[in-house]
Every structure is written in C-alpha cells, then in structure tokens.
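Okay, structure first, notes after.
The values are calculated or read from the model by the stated rules, or taken from the named source; none is laboratory data. Because the structure is predicted, anything quoted here is derived from the model rather than measured. Here the Cβ positions follow ideal geometry from the backbone for every residue, glycine too, while neighbour counts run over all protein chains shown. Ligands, DNA and RNA are excluded from the accessible area calculation, which covers all protein heavy atoms including side chains. Shrake-Rupley method; radii C 1.70, N 1.55, O 1.52, S 1.80 Å.
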Amino acid sequence: MPERITIADAAKHVDEVVEIPGWLYNLRKSGKIVFPILRDGTGLLQCVALKNELPEEVFESLKHLTQESSLIVRGKLRAEARAPGGFEMDISGVEILQRVSEEDPYPITPKEHGVEFLMDHRHLWLRSQRQHAIIRVRHAIIKAVRDYFDGHGFTLVDTPIFTPAACEGTTTLFEANYFDDEKAYLTQSGQLYNEANAMAFGKVYCFGPTFRAEKSKTRRHLTEFWMVEPEMAFADLEEIKRVAEEMVIYVVGRVLESKREELKVLERDVTKLEKVTSPFPRLSYDEAVKNLQQHGSEIQWGSDFGGGDETILTQQFETPIMVDRFPTVIKAFYMAPDPVRPEVALGVDVLAPEGYGEIIGGGQRIHDPELLLRRIEEHNLPKEAFDWYIDLRKYGTVPHGGFGMGIERCVAWICGLEHVRETIAFPRMLYRLRP
Ligand code: 4AD
Ligand code: MG
C-alpha cells in the first residue's frame, strides 16, 4: 500500500507513489486526458489521468466526477513548476468515497455569488481558497499573540463567560437566564476578572469569546468576537502603550514570515504591512479632534470618534497610531482619570492604518477605592455585583492596566478585508445567527 500523505507534504515525496484523500476542487478535460484538481485542506494538487493508462471505468468515473466529491487518489508525484503548488500527480488509481449528485450539485461554483448567498452557505464557503487563506492567517495571528504573551512573562488565566454584571456599559448586554430566576450576562470583556488575576499573578492575559449586543450594522461589528486581553499590575499608561505596540509589531512580523502564500491569495499589498514598525505615532484625543476638524469632520470635543473619523485619521499614517486621553465621560466607569487633568482618562486606542480603525482599546484602571465607588454610583451600576472588584482596591491596591485586542478586527486589517464577516468561521452579527 502506498503511504498516505497530505498535499502540504508533497515536496517530501517527489518520485514516490503515494495516496492522498481529499475532495475534487476542479476538473479540466481534454480528450484522452483529465486534470482533476484535488483539495485536501492543506493545499491544492493538480493530477493527471490518461485514458490509455487507466482501466476504462476508472477513467470514466474521474471524467464525470462532480465538484466536491470525496475521493482518494493514488499515483506518483512529480515536480512540475507550472502546476499550482509546484507538484503534479500521475494518477494510477482512484477510490471515490462519495460522488456528489448531479441533481443536487455543490452550490458554490467558480462563478460570482452574492454575499448573502455565500453567508447562507458559510458551512461550504469555508472550502474556498480565499476563505481558507483568511482562516489560516487568523490562526497564525492567534498563535503569534499567544507566543508573544507566553514569551514575555504573562500567565494565561481565562475569565468567565457568564457574568453577573456589565463591564463595558449596560447597552450592549446579552442576557441569559441563570438558575432560580437569576439573570446572567454574556461577558463583554474579561477585564474585571483579569484585574483580580493580575493582582494574583502580576502579568496575565485571557483570550476568549466576548459578546456585545451591538445594534450597529457596520463592517467592524460582530455580536460575538474573540478578544485577547493582557492585564499588568504596576503598569502605567505608557507601559501599556509600549506593550501594545510591541505585540502588534510582533504579530504582523510573524504573519509576514509564515503566511506569504495566503496573503498572496488575498492579494494583500504586503509592502503596507512591512511598514508596521516602531514607533507608532502617538496623538492625544485633543490633537486627534483638531486633526479631524481640519479634515472636514464634524466631530466636537467630547464625543467619540465615528467609524468615518477613524478612517480619516488612519488614512494619514502608514503604521497604526495610538490615541490617548479621551474625555472621561465617554469612557467606561473603571478608566483612571488623568491626575493633572481629570476630564480626560488614561485610556488609549490603537487604530490600524488604511482606514481600518480601532483594533485595541485599553488603559489604566482606577486604583483608588473611594473614586471607584463614586464611579460605580455615577454609572448606576449595582454595587453588590462589584463588591469583589472593590476588594481589589482594599487589599493592596496598585496602579495597573491593560488592553483588549479584537482578533477579527486585527485579521480584517492584516488580510486587507472589507468586512469582519469573513474573519471568523461562523460570524454572529445583527442579522446573522445561521448557519
Ligand atoms: O474598546 P473595547 O470595548 O475595550 C474593552 O472591552 C476593554 N475592557 C479591553 C481591556 O482593556 N481589557 O474593546 C476592545 C477591542 C476593540 O478595540 C475592538 O478591536 C474589539 O475589542 N471590539 C469588537 N470587535 C468586533 N465587534 C465588536 N462589536 C467589537 N467591540 C469591540
Ligand atoms: Mg474601544
């Protein structure tokens, strides 16, 4: 029996007879030759089947095989510079596992399909080359993020998904029924628990799904997204910015190192990514507002950036930028006010270039117990739910902070995608819960 391999390993088996299981991606025919292209999840392999060298029924079954039928091909691998991937197989045998019926053919064909159709068929759309490339870049980004924190003294401490209170404001909470009529909310961020973990471990990160009942139908919003959140005891805003910059540069570098092929499939202009180097320009919110007004935005001091504002701002720079010291009133209850200017908070957003906008939000947390209590009241938050959080300020409080990076926004930017819906296998959005 020939050895079973994957297409990704073809280079190690040149001039050997092997077998590869997969799906029929495409089929070209010309008289006495058919060229099935096999897909196995690791790559594409062009195969060559000659009528004269195969039993009649084997050749005929291949010749009429339908897209996405599952099969095992056997044959000798050859180096072939002109073939996609650089190898070709001369088929000597085929086993068809399932032939997709002509009556009910695979719905996604090489012709153009509308976005809604593709989203309805997301479970199949994932087999396309472009989707494949995006998900592989996503994997590389997540791996790089983890490697960065693992390599810089952070302990992974994951945080709960069912929570009794809001973290990022009460307007975007998903409610769930817990037991005995108790309400629980799907977490918007692991940050508050991360703060407890940081007081226990010093430097921590959590990495998991987070939920926002966002009624906004934009190219940047999902209702379920993955966020990595580092949190550091004894860190001030400058240190938080330093870590955010270093991590982003590391992640982009790792993707450039390992995912060139995928970026090529996505037609990503990698020269743009190669410019992501230190230092990222640093602007205060005040400066950003002035800049925006000069570029025609209607923004007034005191309001948050709109998506359009982020686009205007980031199109002026080649690297991500860091905007800090937003008005305290528009930020979450836990944000530390600037001691010399309390109307602004020690928070920072990192905005990606090319119009992608906010990928990271974070900053220094209030560590003074009295001020924290006041803020919880001002924000009408239920004090009982925060007793444990207030404890962190009673027992050895220290300046601390961290940030959260939304993985899907980061993938959209690095892959150069128009919309976050393609950055996750099964996106959850305002009007999309299926498949
Ligand atoms: O700015 P946000 O709301 O910050 C926090 O949640 C902090 N508690 C994080 C922290 O300091 N530990 O969200 C952080 C990031 C955003 O910059 C964005 O990348 C992403 O999470 N994000 C979303 N991504 C997709 N869809 C949404 N609806 C998102 N909301 C936030
Ligand atoms: Mg934010």
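The range 361-435 and the range 100-161 have Cα centres lying 24 Å from one another. The antiparallel fraction among DSSP beta bridges confined to the chain stands at about 85%. Compute the accessible area per residue over the range 159-238, keeping the other protein chains in place, probe 1.4 Å, unit Å². Heavy-atom SASA per residue in the range 159-238 reads 48 Å².
Once you charge only the Cβ atoms, +1 for Lys and Arg and -1 for Asp and Glu, what is the size of the charge dipole of the chain about its Cα centre, to the nearest 20 debye?
On the way: 53 positive and 68 negative charges, 195 e Å.
Approximately 940 debye in magnitude.
Could you check the spin-label model distance between residue 295 and residue 384? Points 7 Å from the Cα along Cα→Cβ, value in nm. Calculated label separation equals 4.8 nm.
Figure note: 301, 125, 23, 413 ranked by solvent-accessible area, largest first, 1.4 Å probe, ligands and nucleic acids not counted: 301, 23, 125, 413. One quarter of the surface of the convex hull around the alpha-carbon atoms of the chain equals 25.8 nm², the direction-averaged projected area. Ordered by 1.4 Å accessible area with all protein chains kept, 139, 121, 379 run largest first as 139, 379, 121.
With the charge dipole of the range 98-147 set up from +1 on Lys and Arg Cβ and -1 on Asp and Glu Cβ about the Cα centre, the Cα lying farthest toward the positive end among the listed residues 126, 137, 109 is that of 137.
Kindly state, to the nearest 0.05, the FRET efficiency for residue 428 paired with residue 32, given R0 = 51 Å and r defined as their beta-carbon distance. Walk me through the numbers on the way to the answer.
Details: r = 50 Å, r/R0 = 0.98.
Computed FRET efficiency for residue 428 and residue 32 comes out at 0.55.
What percentage of the solvent-accessible surface of the chain, computed with a 1.4 Å probe over protein heavy atoms, is contributed by carbon and sulfur atoms? Provide the component values of the computation, followed by the final result.
On the way: 10800 of 20640 Å².
Answer for the chain: carbon and sulfur cover 52 percent of the accessible area.
Kirkwood-based Rg over Rh for the range 3-98 (C-alpha set), two decimals? Using Cα coordinates only, the ratio equals 0.92. Distance from the Cα centroid of the range 256-296 to that of the range 306-348 is 17 Å (rounded to whole angstrom).
Placing unit charges on the Cβ atoms of the charged side chains and taking the dipole of the chain about its Cα centre, the candidate lying farthest along the positive direction among 174, 47, 292 is 47. Note on residue 378: accessible area approximately 120 square angstrom, rounded to 10, probe 1.4 Å, nucleic acids and ligands left out.
Per residue, the solvent-accessible area of the range 243-356 (1.4 Å probe, heavy atoms of protein chains only, all protein chains present) comes to 45 Å².
Across the range 13-39, the residues whose backbone nitrogen lies under 20 Å from the label position 7 Å along the beta-carbon direction of residue 102 are 24-37. Basic side chains Lys and Arg get +1 at the Cβ, acidic Asp and Glu get -1 at the Cβ, and with that the dipole of the range 243-348 about its Cα centre reaches some 160 debye. Structure note, pairs 217/272; 76/272; 331/394; 183/290: Cα-Cα distances above 32 angstrom occur for 76/272; 183/290.
When 87, 162, 234 are compared by accessible area at a 1.4 angstrom probe, the order from most to least is 234, 162, 87.
Counting heavy atoms of the protein chains alone, residue 356 has an accessible area of about 30 Å² for a 1.4 Å probe.
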